[in-house]
Amino acid sequence: MKAASLPLDLSIADPTASVESIEAGLAGVGYIASRRIATALYMASHLQKPILVEGVAGVGKTELALSTAQLMGLPLIRLQCYEGLDETRALYEWKYGKQLLYTQILKDHLGPALGEAPDLASAMTRLEGVGDLFFSETFLEPRPLLQALRVEGGAVLLIDEIDKSDEAFEAFLLEMLSAFQISIPEIGVVRATTPPMVFLTSNNVRDLGDALKRRCLHLHIPLPDQRLEERIVAARVPEIDARLRVHLVTFVQNLRRLDLRKTPSISETVDWARALVLLHARTLDPSLVRETLSVLLKYEQDVVAADAMLGDLLGRPVEGSDGAG
Amino acid sequence: MAPAEPAHRVLEDFIRALRASEVRVSPAEAIDAHRALADVGFADRTLVKDALAVTLAKDAEEVTRFDACFETFFARREFTGCADGASAAPSASLEEIIVAGDRSALAEAMETAAGRAGAALIQLSTQRGLLTRRVLDEMGLRGLEARIASLRESEEPGDSALAESLTRGRADLFVQAKAFIERQAKLYASETGRRLRDQILATQAFTSVADEDVRSMEALVRRMAKRLAQRYARRRHRAKVGKLDVRHTIRRSLAHDGVPFDLAWKRETIERPQIVVVCDVSRSVAAAAQFLLLFLYSLKEVVERLDAFAFSDRLVCVDDLLDDETVDDAIILILERIGFRPTDYGRALEDLFAPHGARLDRHTTVIILGDGRSNHAEPRLDLMRRLSDQTRSIIWLNPEPVTYWGQGDSKMDAYARFCRVAKTCNTLKSLERIIEDVLRTYLPR
């Protein structure tokens, strides 16, 4: 899916040395970043702070984290948030089944081991040692957050759609985000050897707490203007004809000015470009657009509204190329 | 690598300007901003702007305000100039600056004088005159005036010409100082004024909102409904962490010969409020109706189980209108369809029961917005009693003060007996407080 592999000189030099190198590096892995996005990444890696990425769906929030991981050559660990997500899913869990299985199997060995003990007190002492065995690393199931802290050499941690989680979980994240450490009662404090690069994404389902926002850098990705979007399409769908690309981006930019229930974002534009390439389209003619409109628009009433305006949207000259956005 | 002292001060001023334009900046974020600046330097304006934006602005609206504030604040001064310290000799007097026609030195002097006069502490736009005067005084206006006077009296050749040019310089200085203070006011004072206005609006009676304030009032209503909804309309289940559901666990363990491999945890279901709102849009409450409908619309967008009805002589369900139309159209359509006619509470209650009686059960809270003035028609207290028996509770919000209840054709005192809460509600503040009470009683917190 990515356009090009990592250029050699970038993999040697530190890709986060300057804003320009980040911009170029991201372009190298197929992510066309605006200046502000690159600056945000630069600040995040230099101040060692998490980035909170906001923007409408499909604008490239998750993709940014994926591309950064690829750029920096780090493993990506992803935590998808949802309503009711709690520590056992996000941080760690004791492998209860395994613990139980072991005790069941070892039950027969327990008798002889304890049977040699002369009295109750010494049997207790022996049992205590066994008990500690059952709450050790062997029985610990690390979940994404713990994994991210323990990776040697750092990682990119993506906490996706944080706004879908509960307030309680958000509060629980605070320790992790500010100190890059986590307390596990049975084991102690786990501290990151190399702090991971953390991305949080939000679709604004609810407002996030101030405490969380304060600990993060904030990056809002708006819908791109004409030129940026053309570059993105060119990077993502390189096989598309240049004239068709300009035409289709102009169309989408015009479409965004309509009052729609769900405005098409970048991912829809890219999908549409791919669809047009598959259909061997050379130009945008109304019947083709009408047939493929469902790639761009996700609601029936939007499709109807756009259909009615189709002549206008297509007929409008490329005036959008200088002043769109 | 530590930036020069003046740069620190500029950043502090900028952060204060941000706070004044409602970008909340905490001390921790201010420290981040300083660190960010120390890292990127001051050479590249876009870089500085972007670096500060990601550290200081924390949501999309704040980013917009940040951009605007940045452009205004750094309209004249450049970071490089400030970092290098004063460009002109600070000892240059006002006269020398004017004679030399050195605009950047003049601006520099004005900046320094403004710092001494506390121009950045401006709170309200009414302080502009005073502050302009103070800045001019700090720049040495008195000295300049004395000098002009003495030059005019002197006989020396060239002195009168000098006096002329100084007078022109002084006029120019006035213009400059005024513009400077204008900008300061725009930076630091515009939002204070707006906030003050919002505060007043929130406590002003619906009936006395002036036409020009309606727009800002609407914005307030929307913000309020969103705030309420975010707090109360989201979660359905909450896992009771660490509480074992013994019954389920034992049942599941049967498959494993009684060994409880598969644990079940207790969950608690949070009851969503089911709300029925009945809104009076008749002539007597016409002024308030618009805001009540607006509030209803905003609430409808965020509370899932909300049925909305509007009535004057007859009652109709307005759910579809609120769902499908934009807010302005919805309000106009509702008012067109049934608004501004004489009220009949008895008929409205009949209409509520006839087709919608099934919807009213013991989980339902009924909120009635109206003045209880029934134009001497039969009030149908029997239906009101049935409503109160059948539903969880009735909350009546009346735009009229309590002393008017029961006066004239008002049946409010009679209706109030069946309500759990019957209150006067004619300001946004009270509306918010009451609705919040309703939503909160459903959620264990």
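The values are calculated or read from the model by the stated rules, or taken from the named source; none is laboratory data. Please read these numbers as outputs of a predicted model, since none were measured by experiment. In this analysis, Cβ positions are derived from the backbone assuming ideal geometry, glycine residues included, and neighbour counts consider all displayed protein chains.
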Yes or no: segment B:6-27 includes at least one residue that is surrounded by fewer than 21 Cβ atoms within 10 Å (Cβ to Cβ) and within 8 Å of another protein chain (Cβ to nearest Cβ).
yes
Residues satisfying the stated conditions in segment A:38-81, i.e. aliphatic (A, V, I, L, M) and farther than 25 Å from A:A179 by Cβ
A:A38, A:V56, A:A57, A:V59, A:L66, A:L71
Are any residues in segment A:86-100 within 10 Å of another protein chain (Cβ to nearest Cβ) and either closer than 18 Å to A:K164 by Cβ or of a type in the set (A, V, I, L, M) (or both), and if so, which ones?
A:D86, A:E87, A:T88, A:L100
Run A:R261 past the list (1) under 27 Å from A:T68 (Cβ atoms); (2) at pLDDT below 90; (3) within 12 Å of another protein chain (Cβ to nearest Cβ) and report the number of the one that doesn't hold.
(1)
Give the number of residues within segment A:35-72 that are facing chain B (nearest Cβ under 9 Å), over 22 Å from A:T194 (Cα atoms) and assigned to a loop (DSSP other than H, G, I, E, B).
1
Pick from segment A:1-43, criterion hydrophobic (A, V, I, L, M, F, W, C) and touching a Pro at 6+ places or on another chain (Cβ under 7 Å), ranking: modelled with the highest pLDDT:
A:I22
Of all residues in segment B:48-64, which are assigned to a helix (DSSP H, G or I), within 8 Å of chain A (Cβ to nearest Cβ) and surrounded by fewer than 20 Cβ atoms within 10 Å (Cβ to Cβ)?
B:A60
Counting only strands (runs of 3 or more DSSP E) entirely within segment B:195-287, those with at least 3 residues that are loosely packed, with under 15 Cβ neighbours inside 10 Å and modelled with pLDDT under 70 are B:237-244
For segment A:14-25, check the following and say yes or no: at least one residue is assigned to a helix (DSSP H, G or I) and touching a residue at least 60 places away in the same chain (Cβ under 8 Å).
no
If we ask which residues in segment B:403-420 are surrounded by 16 or more Cβ atoms within 10 Å (Cβ to Cβ), outside any loop (DSSP other than H, G, I, E, B) and of a type outside the set (G, A, S), their number turns out to be 3
Long-range neighbours under 6 Å by Cβ, at least six apart or interchain, first residue more than 9 Å from chain A (Cβ to nearest Cβ) within segment B:35-47, second exposed (fewer than 14 other Cβ atoms within 10 Å of the Cβ) and in a helix (DSSP H, G or I)
B:F42/B:T80
Which condition number in (1) at pLDDT below 85; (2) in contact with an Asp or Glu (Cβ under 8 Å, 6 or more places away or on another chain); (3) surrounded by 15 or more Cβ atoms within 10 Å (Cβ to Cβ); (4) not β-branched (V, I, T) is the one that A:L284 fails?
(2)
For B:A38, state whether it is among the small types (G, A, S), farther than 26 Å from A:S18 by Cβ and out of contact with any strand residue (DSSP E or B) (no Cβ under 7 Å at 6 or more places or on another chain).
no
Please work out if A:T103 is within 12 Å of another protein chain (Cβ to nearest Cβ) and either more than 26 Å from A:E152 (Cα to Cα) or of a type in the set (A, V, I, L, M, F, W, C) (or both).
yes
All conditions in (1) within 23 Å of B:E12 (Cβ to Cβ); (2) in a helix (DSSP H, G or I) are true of B:R152 except (1)
Looking only at segment B:161-189, how many residues end up being surrounded by 14 or more Cβ atoms within 10 Å (Cβ to Cβ), at pLDDT below 85 and charged (D, E, K, R)?
2
Hey, could you check segment A:87-134 for residues that are surrounded by 13 or more Cβ atoms within 10 Å (Cβ to Cβ) and among the polar types (S, T, N, Q) and say which is nearest to A:I77 (Cα to Cα)?
A:T88
Does B:I435 satisfy the condition of being among the hydrophobic types (A, V, I, L, M, F, W, C), part of a helix (DSSP H, G or I) and within 30 Å of the chain's Cα centre (by Cα)?
yes
